[in-house]
Structures are given as C-alpha cells and as structure tokens.
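To start, the structure itself, in structure tokens.
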Amino acid sequence: MLLALKLAYRNLVGAGLRTWLNVIVLSFSFVVIIWMKGIMVGWDHQAKTDTQNWEIAGGQYWHENYDQFDPFTLTESHAPVPESMQEEIDRGDAMAILVTQGTIYPEGRMQSILIKGISPQQTLLHLPTQKLDTTLNAIPAVIGSHMAKVNNLEIGDFVTIQWRDVNGTFDASEIFIADIFSTNVPTVDGAQVWISLEKLQSMMLIPGEATMITFRDSDVERADIDNWTLKTQAALTANIDEIIKTKTVGQSVFYFILLLLAMLAIFDTQVLSIFRRQREIGTIVALGFTKRQVVWLFTTEGAMHSILAAVVAAIYGIPFLWWQAKTGWTMPVETSDYGMAIAQTLYPKYTLGLIIGTTLIVVITTTIVSYWPSRKIAKMNPTQAIKGKIQ
Amino acid sequence: MKTLFVAIFSALAFLAIGQPSADKIMEMVDENMSSENRIFESTMTIHGKRSSRTITSRSYSVGDKQSFTEYLSPAREQGTKMLKLEDKLWIYNPSTDRTIQISGHMLRQSVMGSDLSYEDMMDDRKLTDTYDAKVIGKEEVDGRPTWLLELTAKVDDVAYASRKVWIDTERLVPLKEELFAKSGQLLKRSTLTDVQKIDGRWFPTTITYKNMLKKGDGTVFKMTSIKFNQDIADYLFTKAALKQ
C-alpha cells in the first residue's frame, strides 16, 4: 500500500508539466466550486436573516383570507386582534399589522401601493417605525429606498395617497415622508407605505383590527387560532429555499463542465501513461505484483492528482476565499428589482460540510476516472507488455 | 286629482322660492335624460402621459339596469362585448372566446385603461337614494346658468362621500360634476359638453372624466350618434348574445 503510494507520487512528480497542468485545472475546479457554493450558502443565510429582521421576525399569524399574492383578498382580510395574542402584544413580543390597498400620486403619476399599519413602538423589525410617532397635519410615513427611488421621493416630501374605507368609500390625504429605510427585503419596500397602525385603523374605520400578527419568539410551540393561520419562520422562508435550490441546480451545470474538463485531462493522461508505460507494467508484474495491484497503482497515481490539486487549491484558494468572505461579491446588476431578499453584495459562507463535500466529490470523481482506463492493465499479457508490444 | 295637486303645489313652491328643491331638480334632470331605451355609438379617447388612444363602441341600453356594449375598434379591442344586467357585469373576449364575470374587487379596475372604473359604470342607484341633496347656489358654467347642488352621502356604502353637480337651469342637464373623498379632497371631475337637442330633449354628447390627483387630460367619452326609444331585441341582454 505504502509502496503503491510512494511509486504513485514519484511517477506523478516525474511526469512534470503534464501533472502540473492537470493539477492546476483541477485545483481551479476546487476553488470555483467552493466559492460558488459559498455564495449560495451566504445568500441563503443573508436572505433568511434579512427576512427575519425586516419582515417576519419569529413568525406570523395571517388572517385566514389573506393571500400575499392576491391584493384583492385584502378587503376581506382583517379581524379584531385575537385575545390570546393580546398579552404578548402588550409585552412588546408581538405586534399587529394591518394591510390595505391604496394609490399614491407622486408628481401626478398614479401607482398602486399597499398601505401597512404598524405600531410605532415596535421593536421586532428593523423598520424605523419610531419616526411614525410624529404629530403633523399630514400622516407620517416611512418608505423603503426602492419605493423612494421609483417615485422620486425624499425625506420631508409630502405626497397624496388614496384609499377606501371598509365600506368602499374613497378617502385621500397627504402623507409626510418621515424616513426612508434601506433594506434587501423587497417585500417590505416595493410599492408600499408604512404608517401608524392606529391611524390606518381609523382611516379604514376598523379600530382594533389587523391583517397579520408578527411575533418575536420562534421557539414557542404555537397552534392555529380561530380565523388566523400560523405561518412559521420555516414556512415563510420556504420560497428562499426553493429559489436557492433552483439556482444551485443551475450552477451544477457549471460545476459539471468544469469537472468534465478536468476529468478529460486526467483520463487522457491515464490512457497515455498506460500506453507509454507498458514495459514498466510488464516489469512490475514480472517482479511479483498482481495485475490488481498494478491497477491500484495506476488508479492511486491518477487519484493523487486530486490530492495535489487540493494542496495547490489551498495555497491560492484560502487567501482568495478568505478575501471574498471579507469583501463579498458585488452583483454586476441591480438586485432591487429581483423581488426577493438579495443583497447587492453577497458574502460567501464556507461551511465544513461544504469543503469536505466538495473535496470528496472531486477525489471520488478523479478516482473513478483514473480507474476507468487502468482496467485495461488487467487484460494485458505481461510477456507482451515487457516486450513493449502494443496490446 | 292628487297628481294635479302635487303639480300645482310644486309650481307654487317654485314661484314662491324662485328655484325648485334639489330633489325636484334631480327629478327633472332624470325626466329629461331618461328614456325607455337608447342606442348610441361612441368614441372613448384615453389620454395617457405620452400618447392617446381611441376606442369606438356601440351600446344598447334599457333604463339603467340593462346595457350591452360592443367594441368596434381598435383591432385589439374589436369584438369585445360587455353585458350589464342589474348589478352583474360580464365581458366577452373574442381572442380567448371566453366570457368572464367582473365582480367584487375587479369592479374597481379601470375600464380599458381609462379614468373610469367598472364600478363607476355599474353604480345605478338613484343619487337621491344614496345622497342628501341641497342647492347651494347658482353659477355660470361655460356661459350657461346653472344650479349648484351639493350631495352628501346618507348611506355608508358609496364610493364618494360627497359630490357637487352643476345643472343647467334651462336645459336640465348636468354640465359638471365633482366627486370628493371623505376628507373633502377633490378626486374626480366630469365635464359634460356639446349639449344637443335630440328627439325633443337636451342631451350632453361629450363627457370628459378626469382623475384630479393624476396628471393628464383624462378620458373623453363622445357619443357620435344617439337614438332614443328604439326597438331593441330582448335576446341582446342575455349572456348568449355575447358570443354571437
């Protein structure tokens, strides 16, 4: 075994440039796969953390009629805050949010929006709702930077919004942009205006009612409440998992091409070695190696490419991956229109599982590809091989 | 005898006060403008920010409960038909060969991108049933003397909390209408022009709808021909007629 490893190492280094070319291509695959997968893990982590911080906290209860993808359900999606949640709300560990449809008229343009009512004192989300606690003639409101950009709004601007109360009667008023927040979570930013919950309840003529209840603690065991559906953190972030999964599948094509190139080089090298080293094979067999041992020797030699590649990848890959983890990768395109929580700069996250998994995939694939041409050795006639006859 | 008494009493009241009550004015407007049925062809010009587009249609209506509209142009809208029966509305789209009912919140959507919503077209309750009306003055609109009526909602489920209507005192047609939000903010303005005498009654043939919160010239609805009290086949006001 040790002899096989020693021989394999000596042969490999002896092959010179051919080995190093293979190793470099393979090491490149290592680094790129780890980096790309790291970006995905980082994105997943960032998207979930941001969604929790900005939108869902520990989870939510939704009014049974509420469908986030169907704004037409909004007029039917409100009910008095359930009594069982009141204590948690009073403690500040939960809060009610009321959502209704409206229209904003910035500079005489018309845009459909969601008007969301939230407690100014809330501490569950990062939204700067304390700015809503202002007394003005206009309704104080906070909006996201994307909404501000699309509608050309700035802090201190006044703009008209229109909505309908619970009876369907139109009403309109000016809002005052008290603050503009910057977030990676488009579901709290795009086409929506946040105002005080109490104000929205009075505008809608539904005091004490809400569309959803957001709670802080995700660990508490909860059940559905009458007319309210429990949405756990996992359920609310399931779409992130699905998008990441789809993206990962897409990326796999890229990994496959990279690995295919590296494996082609190794396969070629193996075929060439076996063809050129027939005498050596014959001699080794004559010295007492079984054919199986010779196959093992050549397979080890091929597989060792991946070990060397891992070492080379570590030499230049670790500083590169560490630098990327620190500075992140800034997306070359504007991400705010993506419709999901994605930061402009993604910070890759490398887990032990990711590194071990990638290494195993590359080593196993290289071993299989090395073994494939080596099987021919088992069919060789040693006498003919010593003579160097092509078989 | 009773009718005669009411008529004499109304005439005396008119002479004594100098102007009829708001309800009486509305009644007179209704009397002037309503007919058993009408057939009209119209163009609707929707002025957008950058361009305008015109849609032509032919409509048949009986009272204010039944109407059938067929869109004639442009090619994209040609063949689209709309049927209103009481408080229900169906639209037939020839490209999909399907009839859909516009109901609930879909009624709040704009009609073909105009400043009008389906709901605006659907509200056929009498204004006197939903609003308290009073005459608040006399004004001139485009050189015509008008009564200015203020209507305040007396029921909860109306789209506009209050309205102002300017009624031509001689021709008994509305010349302008403004719709207000609960806060008093002016939301929409309709201007009715090109008043013509058709079959012995005065009738405005052009209506300009304008969303006052939005920039732009609004939507101009122009009746190019109108006929009153025609023979309209009953089958037109059935869902089957949409696919024909």
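All of the numbers you see were taken from the coordinates with simple rules; none came from a lab. Keep in mind that what you see is a predicted model, and the values were worked out from it rather than measured. Methodologically, a virtual Cβ is constructed for each residue, glycine included, from the backbone with ideal geometry; neighbour enumeration extends over all protein chains shown.
Some points to look at:
- What you get for the protein assembly as shown, charging only the Cβ of Lys and Arg (+1) and of Asp and Glu (-1), is a dipole of about 4640 debye around the Cα centre.
- The spacing between the range A:288-330 and the range B:169-221, judged by their C-alpha centroids, is 80 Å.
- FRET efficiency, 1/(1 + (r/R0)^6) with R0 51 Å, evaluated for residue A:293 and residue A:232 via beta carbons: 0.35
- Look at the stretch A:109-122: the mean tally of other chain Cβ atoms within 10 Å of its residues' Cβ atoms is 1.
- Segment residue A:311..residue A:279, full-extension length gain: 8.4 nm, with 0.36 nm per residue of separation and the alpha-carbon distance subtracted.
- Exercise: per-residue mean of other protein chain Cβ atoms within 10 Å, A:94-106: 1
- Residue with peak Gaussian network fluctuation, chain A [Cα springs, cutoff 10 Å], from A:261, A:127, A:346: A:261
- Among A:217, A:93, A:226, the largest mean-square fluctuation in a Gaussian network model of chain A (Cα springs under 10 Å) belongs to A:226.
- Computed from point charges on the beta carbon alone (+1 for Lys and Arg, -1 for Asp and Glu), the dipole magnitude for the range B:36-243 about its Cα centre is near 640 Debye.
- When Rg and the Kirkwood radius Rh are both evaluated on Cα atoms of the protein assembly as shown, their ratio Rg/Rh stands at 1.21.
- Helical runs assigned H by DSSP (4 residues or longer) give chain B a calculated mean residue ellipticity at 222 nm of -4500 deg cm²/dmol, each run adding -39500 (n - 2.57) before division by the residue total.
- Rounded to the nearest Hz, the phi-derived 3J(HN,Hα) couplings of the range A:207-217 under the Karplus curve 6.51 cos²θ - 1.76 cosθ + 1.60 (θ = phi - 60°) are x, x, 9, 8, 9, 8, 10, 9, 10, 7, 8, where x marks glycine and proline.
- Compared with the dominant principal axis of the Cα atoms in chain B, helix B:22-33 is inclined by about 50°.
- Cβ-Cβ FRET estimate between residue A:384 and residue A:251, R0 fixed at 41 Å, reported to 0.05: 0.30
- Centroid-to-centroid separation of the range A:348-385 and the range A:181-248 [C-alpha atoms, Å]: 49 Å
- The label point for residue A:322 and the one for residue B:24, both projected 7 Å from the Cα toward the Cβ, are 9.6 nm apart.
- Taking the charge dipole of the protein assembly as shown about its Cα centre, with +1 at Lys and Arg Cβ atoms and -1 at Asp and Glu Cβ atoms, the residue from B:110, A:184, B:209 reaching farthest to the positive side is A:184.
- Above-threshold pairs, the threshold being 18 Å between Cα atoms, out of B:134/B:188; B:126/B:222; B:65/B:88; A:149/B:49: B:134/B:188; B:126/B:222; A:149/B:49
- Inter-chain Cβ neighbour count for A:169-177, averaged per residue, equals 5 (cutoff 10 Å, partner chain atoms only).
- For the range B:59-76, putting each phi into the Karplus relation 6.51 cos²θ - 1.76 cosθ + 1.60 with θ = phi - 60° gives couplings of 10, 10, 9, 10, x, 10, 9, 10, 8, 9, 10, 10, 7, 9, 7, x, 3, 5 Hz, in residue order, rounded to whole numbers and with x for Gly and Pro.
- Legend: calculated FRET efficiency, residue A:239 to residue A:330, from the Cβ-Cβ distance at R0 = 22 Å, rounded to 0.05, equals 0.35.
- Candidate aspartates and glutamates for bridging to residue A:6, where Cα separation is under 20 Å - those fewer than 8 sequence places away on the same chain excluded: A:280, A:301
- Residues considered: B:168, B:129, B:30. Largest GNM mean-square fluctuation over chain B, using C-alpha springs under 10 Å, is found at B:129.
- Axis of helix A:238-276 versus longest Cα principal axis of chain A: the two differ by about 10°, to the nearest ten degrees.
- Our note on the geometry: Cα centres of the range A:1-66 and the range B:91-117, 51 Å apart.
- Between residue A:347 and A:329, the built amide H atoms are under 5 Å apart, and every one of these is 5 or more places off in sequence or on another chain.
- Note, ³J(HN,Hα) from phi for the range A:181-193, Karplus 6.51, -1.76, 1.60, rounded to Hz, x at Gly and Pro: 9, 10, 9, 8, 9, x, 6, 10, 10, x, 6, 8, 10
- Dipole orientation for the protein assembly as shown: of the candidates A:232, B:60, B:218, A:232 has the Cα lying most toward the positive pole (charges on Cβ; Lys, Arg +1; Asp, Glu -1).
- C-alpha long axis of helix A:291-327 to longest principal axis of chain A, angle in °: 30 degrees
- Helix-only CD estimate at 222 nm, as mean residue ellipticity for chain A, using -39500 (n - 2.57) per DSSP H run (n ≥ 4): -16500 deg cm²/dmol
- Pairwise label distance in nanometres, residue B:51 with residue A:109, each label 7 Å out on the Cα-Cβ vector: 1.9 nm
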